[in-house]
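A short write-up of the structure that comes next.
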Amino acid sequence: MEGKGNGKVRRAPRLATLFLGGLLLIVLGLAVWEMGVLYVKLVARSTPVSAQTRSEAGILSLPEISFWTCQTGVFQQEENARRQVQALTRQGWKAEVVSANPWSVGIGFSLKPEELQSLRRELSRLGTETVMKQVMVPERSFRISGKGAQETAVVLTGVNALLRSGYAQGSWENNIKAIEQGIFGNTIKEFQTLQQAILEAQASTQLELLPVFVQYENLLNNMSERRK
């Protein structure tokens, strides 16, 4: 009887050790999982950041973007804007929702409004009236850390430069090359969608950048939301 009792006493520390070991593995597993998703966590900053601070804190500043588009409509409800996009897409246009609250729909992308005049005339001829709309996105800064931070910074910087320089000869190819290097081997869903938009822009005779802008904004918004 005593032998059996002693056996039970001896097994208790083992059970406690196994329990603690299992708990430690769970904690380590969660830590590794967290480290694996940090690459999508960006922290927006509303205050200006010096060059030294950006370098020391891993903060990426994205300069202001400004361009023109042919605005086809402005809506108080997103559903109505999406409905117009679908209708224009069925007609063969690359329409996009370019802003929210209110939601505006646009076709075309240019750094100069006069470059869109022929597109406006063509839209009007086919029954779609538009107004020239300037879209401006202010400079924003983000703190990027964790796995994939360097690749994320390369992609965001490259797309920002692409949208600011437009179709300028020479810079277009360099920006595309930098973006592709950052995206290569990365499995972030938004990166793949962005890459697809860039590939379609390259294949288009008009180098349509409006879908690229929309995917760029979606990427930033989704990453910022994941940080909250």
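The values are calculated or read from the model by the stated rules, or taken from the named source; none is laboratory data. Keep in mind the model is a prediction, meaning the values are calculated, not measured. Cβ coordinates were reconstructed from backbone atoms using ideal geometry, including for glycine residues, and neighbour counts include every protein chain displayed.
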(request) Identify the single condition in (1) among the small types (Gly, Ala, Ser); (2) surrounded by fewer than 14 Cβ atoms within 10 Å (Cβ to Cβ); (3) more than 19 Å from the chain's Cα centre (by Cα); (4) at pLDDT 95 or above that ALA81 does not satisfy, given that it satisfies every other one. (result) (2)
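Take ARG83 and tell me if it is basic (Lys, Arg) and either free of Cβ contacts under 8 Å to residues at least 40 places away in the same chain or part of a helix (DSSP H, G or I) (or both).
Details: basic (Lys, Arg): yes; either free of Cβ contacts under 8 Å to residues at least 40 places away in the same chain or part of a helix (DSSP H, G or I) (or both): yes.
When the stated conditions are applied, ARG83 passes them.
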(message) Just to be sure I understand, how many residues within region 126-145 are in contact with a Ser or Thr (Cβ under 6 Å, 6 or more places away or on another chain) and surrounded by fewer than 17 Cβ atoms within 10 Å (Cβ to Cβ)?
(response) 1
(message) Of all residues being within 30 Å of the chain's Cα centre (by Cα) and among the small types (Gly, Ala, Ser) in region 106-136, which is nearest to GLN71 (Cα to Cα)? Just the residue, please.
(response) GLY106
(message) Looking at ALA201, ALA153, ALA100, ALA149, can you tell me which residue is surrounded by 13 or more Cβ atoms within 10 Å (Cβ to Cβ), within 22 Å of TRP68 (Cα to Cα) and hydrophobic (A, V, I, L, M, F, W, C)?
(response) ALA201
